[in-house]
């Protein structure tokens, strides 16, 4: 290595174990591959690509969490350290297919073991408390998909197997709210407390106070699920992952009119807004996987946190990003406040 070799930057600034980060560098000489390695969070990182000024490396599963050092070594010499914030694994052995949800009453996080459609599992809902303890809910919902809390703090869940949305009381009682909703997946409440549920076959329903439903908007079908979040101005934002690498996020105005908000994502899934109106989406952008941050006006996008298999996210009131993969959930100290519609 040239003694002047150094790391210029690491992007994105945040990652979870298994995520791929880009290390921009200068002055490296990589003629001897046997003397070249990368270290992240005290563990050796797998290198997936390298040149004299760029290195792609995967965050090790056993990396330390929090702000960690990224170093490049060649012939026994270190580049010096750059910083990366690595998310902390909170829980595993799950099967999540959408956003987790934070309980506004106590800050605990509701997680799912969704299973394949029609599969009956003994436990499908879990609660992760602030001390890191995971408890099972006795309320049984077959194939829970979307989870959210209404403005009064009541937990609402979609059951895609039976095409219904239910309310969970005291983590044990299941109360049906509406049925005949197709393959019910995403759900969201607007600032008035009105409930909207997405049928991945192509319909978004508005649910009345008596459980009656009406078609509010029609979109393209999704191969997996609708993911929904209300943003500033009362519009609903929807991702409907397909099979191409240039899927869209749609914006539905309060009258149910649909337009494309942003195009160019691979398999966009869970959505959440920060308090400045920026939209975050679990997706792939230009071949890089993780959480994508989209400007409030849809004019630009960047990879915010690197990670593989991400399906959803949410924000806590202490500024953490909770990032969910199919199997596990992580906390990333991102210092971001989520939007409050109430």
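Side notes on the structure shown:
- Per-residue extension of 0.36 nm, minus the Cα-Cα distance of residue 244 and residue 88, leaves a gain of 53.0 nm for this segment.
- Taking other C-beta atoms within 10 angstrom as a stand-in for reagent exposure, 133, 14 fall in the order 133, 14, fewest first.
- Rounded to 0.05, the FRET efficiency of the residue 223 and residue 149 pair, given R0 = 25 Å and the Cβ-Cβ distance, is 0.35.
- Cα gyration tensor category, rounded, prolate or oblate, for the range 155-201 with a/c compared to 1.5: oblate
- Taking 112, 158, 316 and counting other C-beta atoms within 10 Å, the order from fewest to most: 316, 112, 158
- Label-point separation, residue 171 to residue 54 (7 Å along Cα→Cβ), nm: 4.8 nm
- Read-out Cα extents along the principal axes in Å, derived from the coordinates shown; its label in (1) 67, 43, 38; (2) 72, 41, 34; (3) 85, 54, 40: (2)
- Listing 205, 36 from fewest to most neighbouring C-beta atoms within 10 Å gives 36, 205.
- Overall form of the range 82-129 per C-alpha gyration tensor (a/c, 1.5; a/b vs b/c): oblate
- Per-residue extension of 0.36 nm, minus the Cα-Cα distance of residue 286 and residue 302, leaves a gain of 4.8 nm for this segment.
- Annotation for the range 158-198 versus the range 58-112: alpha-carbon center distance of 31 Å.
- Averaging the Cα positions of each part gives two centres, and for the range 296-320 and the range 203-217 these lie 29 Å apart.
Values quoted throughout were computed directly from the atomic coordinates according to the rules given, and no laboratory measurement underlies them. Fair warning: this is a prediction, and the values are worked out from it, not measured in the lab. We place every Cβ from the backbone using ideal geometry, glycine too, and count neighbours over all the protein chains shown.
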